[in-house]
Structures are given as structure tokens and as C-alpha cells.
Amino acid sequence: MAESSMMSNQGELFPAADDPSAPRPPESLWPSGFELEHGFLAQAEAERVMEELAATIPWERDEIMMYGKRLPVPRLTAWFGDRGADYVYSGVRNVPRPWTATLAGLRDLVAARCGVTFNSVLLNLYRDGSDSVAWHRDDEPELGRAPTIGSLSLGATRRFRLRNRESGHALGWDLESGSLLVMSGASQGDWEHCVSKTKRPVGARINLTFRQIAQAQRPSAPNSE
Ligand SMILES: O=C(O)CCC(=O)C(=O)O
């Protein structure tokens, strides 16, 4: 996610609790560039993968620069991918860990559904309602113009909010375990997205965003365990 976008929304680095009365339009009204597939993974499979990832991923607490200080982000993350698919975020170079068999399998499933290839995946773990991600766009130069991003949801249902950059029009959808949200086309150009904190009791939620990172210097090389 873009540091500039994070910095331009400093007041919302840790967004306010979500508003249950915010509009939840039917899926037929999702804006162009957003597509949701319920039950992309069967429930039993989604539960199994959630348990495995929660227990085995080496989760880290990233930091970003704000007001001249390094502050921890309010969630845990992990980055996996091909060798060389480095991701520079807030001045920090994230070097991907090698694909695990489970993540590589999910990558191939999601890539086949999206009709593109992915060389990396960012995992977010929202431990409870006090974890969140601020308003931002996934618009880093290394993602290219109009990237396709496959976002797989596991665990408790997560409120995913969108805000139009021009009109400020805001929308929200509940992403349940096993669903796949595909963001493409104008999704990152026209819209910002976030997951707010919530005071409602919620369990752990994991989100995997599969991405294709352009590698300036060296071609992608398989990076497997
Ligand atoms: O949990 C989500 O759906 C949001 C994740 C996200 O925005 C990101 O990883 O860039």
C-alpha cells in the first residue's frame, strides 16, 4: 500500500470504529473493478487453512514512519513470494519468504480464477476488533497500472470499506470466510479501501492478497520450501 496515501490520511491511520449503518449495497451494485465470489473455498477447507496459517506463519508487526517516528501497524503481516519479488513499503524493503505448499496451492487456484499470474502474497492477520488497516490504495509502482489483486478471506467475517476518491461516496461489504474478492481495472485508481476497528466482538481474521510485483533487476525465480 502507498505510503503517500497512508500519510495523506494520517487522521485515519487507525480508522474509527466502523459504522454498521453505512450502506451495504447488493453485489450487483459493486463498482466496476470489484468482483466477489462467495464460497471460493469450501467452508471446511477455509477453516483448515485458517487454522494452519494462524499457527504456522511467522507473523510480524510492521512499522511505518509517521510524524518522524516509526510506529507499529495495528495488525500482523507476512510476505511470501518468488525470489526477487521485493516490496518496498514506507521505506522498508520486505524480502519475501519462500512459498509454502499451502500458499503456493492457493496462489495457483486464485491465479486460475483471475486469469493472471501472481509472484507474491501479503498476509494480514487481524487478531480482534482493535486491529485494522487505514484508508489506502494498492498503487505502488511495482504493481503496475491497473493491477489485478486476488484477496482471499479466512476466519471471522470482515467489513471491507471503499471510498471513492472523487466523490467521497463510501460503501462497505462483509467478506466471509472462503470468499474471494478480485480487484482489477479502476479499483485502485478510483477507490481507497480500509478495514476499520470495530467495538463488536470479532474473532481472528486473515486476509491474503495475491499480487504480481514487477522486478526491475532480475526475473522472478521460484522460491519454494
Ligand atoms: O483485509 C483487507 O481486505 C484489506 C487488506 C489490504 O488492504 C491490503 O493488504 O492492502
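The values are calculated or read from the model by the stated rules, or taken from the named source; none is laboratory data. Just so you know, these numbers come straight off a predicted model, no measurement behind them. So basically every Cβ, Gly included, is an ideal-geometry build from the backbone, and we count neighbours across all protein chains shown.
Observations, loosely collected:
- When the range 86-108 is filtered for residues that are among the hydrophobic types (A, V, I, L, M, F, W, C) and at pLDDT below 95, the ones remaining, listed by number, are 88, 92, 95.
- Only listed residue being of a type outside the set (Asp, Glu) and free of Cβ contacts under 8 Å to residues at least 24 places away in the same chain, chosen from 178, 168, 189: 168
- Meets criteria (more than 13 Å from the ligand (Cβ to nearest atom), free of Cβ contacts under 8 Å to residues at least 60 places away in the same chain and either of a type outside the set (Asp, Glu) or crowded, with 20+ Cβ neighbours inside 10 Å (or both)) for residue 98: no
- Filtering the range 14-54 to residues that are farther than 18 Å from residue 202 by Cα, at pLDDT below 90 and of a type in the set (S, T, N, Q) leaves only 28.
- Among residues of the range 141-160 that are more than 16 Å from residue 186 (Cβ to Cβ), those with a Cβ under 6 angstrom from a residue that is among the charged types (D, E, K, R) and not in a strand (DSSP E or B), sequence gap 6+ or separate chain, pair up as 157/176; 159/18.
- Among the conditions (1) at pLDDT 95 or above; (2) more than 11 Å from the ligand (Cβ to nearest atom), residue 161 misses just one, which is (2).
- Pair list, Cβ under 8 Å, 6 or more apart: the range 46-64 residue touching a residue at least 60 places away in the same chain (Cβ under 8 Å), other residue in a helix (DSSP H, G or I): 49/102; 49/106; 53/102; 64/3; 64/6
- Some residue of the range 114-127 being part of a loop (DSSP other than H, G, I, E, B), crowded, with 22+ Cβ neighbours inside 10 Å and modelled with pLDDT of 95 or more: yes
- Within the range 171-214, considering residues that are part of a strand (DSSP E or B) and of a type in the set (Asp, Glu), the one farthest from the ligand (Cβ to nearest atom): 174
- Residue match in the range 132-144 (condition: out of contact with any helix residue (DSSP H, G or I) (no Cβ under 6 Å at 6 or more places or on another chain), crowded, with 20+ Cβ neighbours inside 10 Å, hydroxyl-bearing (Ser, Thr, Tyr) and assigned to a strand (DSSP E or B)): no
- Residues considered: 78, 104. Of these, the only one that is in a helix (DSSP H, G or I), more than 10 Å from the ligand (Cβ to nearest atom) and either under 22 Å from residue 59 (Cα atoms) or among the hydrophobic types (A, V, I, L, M, F, W, C) (or both) is 104.
- Filter result for residue 58 (out of contact with any strand residue (DSSP E or B) (no Cβ under 6 Å at 6 or more places or on another chain) and buried (at least 17 other Cβ atoms within 10 Å of the Cβ)): no
- Residue within the range 142-158 that is within 13 Å of the ligand (Cβ to nearest atom) and at positive phi present: yes
- Of the residues making up the range 100-133, those that are closer than 15 Å to residue 209 by Cβ and among the small types (Gly, Ala, Ser) are 111, 120.
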